[in-house]
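Take a look at the structure set out below.
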Amino acid sequence: MAGRRAEAETFTARMKKRIHRVRIGLRKSGVDYFRGDGSDWVALAGLLLTIPVITFFTIVNNVWFSPSALVLPIVAGGLLLRPSSLLGLYAASAAALIVESVQLGPYTEGPSRVTPGVVLVVAACGFFGLIIAQFRSRVGVPWRGGGTMLFDLRERIRVQSKLPKLPRGWHREMALRPAGGQSFSGDFVVAARTNGGRTLEVVLTDVSGKGMDAGSRALLLSGAFGGLLGSLPPHAFLTAANGYLLRQDWDEGFATSIHLVLDLETGDYELFTAGHPPGLQLSSGSGRWEEKAAEGPLLGVYDGAQFDPVKGSLRPGDVLMLFTDGLVETSDRDISEGIDRLTGEADRYVAGGFHGAAWHLIEAVAKDVNDDRALLLICREASAGA
């Protein structure tokens with residue numbers, strides 16, 4: 001026992017413990033820093049060291065190293081530092097400009113001196129850097145985590161919009177195109193298998209606005225709707241969703257939605273609509289598309305709204321298509337014309353099947369439309385039992 005204690009107290013063992021503590025401390029500081037919770041002294045120290053280096057090279061060779069190079073640590077400081085630390089960096093930069101001005105001589109002797117223009121450029125960069133730092137401090141999201149947070153939000157919307165797997169004899173697919181090629185959309189889908197997996201419930205929603213402006217509200221609503229779906233009877237879902245939107249009291253608080261309740265064994269379904277474009281059903285027998293329009297007002301407009309369903313049945317070979325208005329309605333084209341164009345393009349896939357058709361239909365019908373577009377296809381394979 002004494003031998004083990006003596007071995008643990010040797011110089012090598014003590015050094016290993018100290019190195020381990022330092023490594024753990026540095027790792028924790030690094031994690032806190034990149035989360036925005038830790039001190040920014042490391043970044044401040046590094047930027048403060050660059051100022052005398054830039055000053056030295058400017059004095060030695062002011063042709064290749066201009067006095068305006070001091071904007072580099074100032075811009076970096078606006079992205080990395082807190083406002084209080086940024087003021088210390090600005091003080092050091094101002095001192096460096098004074099030293100350069102004294103060493104290089106009056107600005108009248110050449111353009112590579114510290115001219116009033118150089119001072120204005122450095123001061124302007126410092127001013128805008130301070131505004132950015134104060135904004136980040138008020139929001140509470142550091143620049144290091146801002147991009148990660150946006151990426152995480154986008155991925156959450158994408159995961160929540162994934163459709164569940166369907167039993168053999170069924171095919172489903174969805175395509176979503178945000179406005180302007182952005183990563184965020186005001187259109188979203190939530191779906192779940194309920195009733196022991198026998199029933200498929202899908203809700204396609206179009207939030208007011210488009211692209212990034214509607215993305216945050218779409219994320220909030222997709223989480224809320226995902227929690228409601230399957231927890232309430234189908235006829236009560238849109239009523240609860242309407243009440244939820246009314247409680248948010250948003251300036252742009254309305255949304256349209258369509259709720260499909262499909263029995264995967266019989267093919268019977270109910271379609272509830274809240275101010276949304278109608279669904280379209282392709283009958284394999286006649287080869288024609290039929291509109292499935294239910295009654296219901298916009299979500300978030302008034303309390304006590306009623307949502308009455310339209311009923312139908314998907315037989316083998318039938319297809320049900322749900323979409324948002326961005327796919328069929330534009331400023332120079334009404335919704336009926338857009339639906340005709342959509343069904344005309346969809347007819348090309350009847351013979352070969354609709355696998356992979358959703359994305360191509362959006363490309364063919366509304367490729368350059370500056371609005372969010374979403375298309376959902378539910379197909380009952382022709383080989384499925386009646």
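The values are calculated or read from the model by the stated rules, or taken from the named source; none is laboratory data. Computed from a predicted model, the values in this text were never measured in an experiment. Don't worry about glycine lacking a Cβ; one is built from the backbone with ideal geometry, like all the others, and counts go over all protein chains shown. Just the protein is used for accessible areas: all its heavy atoms, side chains included, with ligands, DNA and RNA removed. Shrake-Rupley method; radii C 1.70, N 1.55, O 1.52, S 1.80 Å.
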Round to a whole number: what % of the accessible area of region 273-386 belongs to carbon and sulfur, probe 1.4 Å? 45 percent
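Within the accessible area of region 194-272, what % is carbon and sulfur when the probe is 1.4 Å and the other protein chains stay in place?
Details: 1520 of 3030 Å².
The C+S portion of the solvent-accessible surface of region 194-272 is 50 percent.
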Of the listed peptides 268-276, 83-91, what is their order by residue-averaged count of other C-beta atoms within 10 Å, with the highest listed first? 268-276, 83-91
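Let me make sure I get this right: for region 268-350, a, b and c are the square roots of the gyration tensor eigenvalues over alpha carbons, sorted descending. Under 1.5 in a/c it's rounded, otherwise prolate if a/b > b/c, else oblate. Which is it?
Working: a/c = 3.27, a/b = 1.28, b/c = 2.55.
Here region 268-350 falls in the oblate category.
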Judged on accessible area alone, 1.4 Å probe, highest first, TRP64, TRP289 line up as TRP64, TRP289
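Could you order PHE225, PHE65, PHE128 so the one with the most accessible surface comes first? Probe is 1.4 Å. Display every interim value, and only then the final one.
Values: PHE225 0, PHE65 90, PHE128 125 Å².
Descending order: PHE128, PHE65, PHE225.
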In square angstrom, rounded to the nearest 10, how much accessible surface does PHE254 have for a 1.4 Å probe? 90 Å²
To the nearest 20 debye, region 198-300 has a Cα-centred charge dipole, built from +1 on Lys and Arg Cβ and -1 on Asp and Glu Cβ, of 140 debye
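Can you work out the accessible area per residue across region 218-258, with the rest of the protein chains kept in place, probe 1.4 Å, in square angstrom?
Values: 1800 Å² over 41 residues.
Value for region 218-258: 44 Å² per residue.
With a 1.4 Å probe and all protein chains in place, put VAL350, VAL189 in order of accessible area, largest first.
VAL350, VAL189
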Taking every alpha carbon pair in region 305-386 and sorting the distances into 10 angstrom bins from 0 up to the bin holding the longest one, the percent per bin comes out as 16, 44, 30, 10, 1
Provide the per residue accessible area, probe 1.4 Å, for region 36-96, rounded to a whole number of square angstrom. 50 Å²
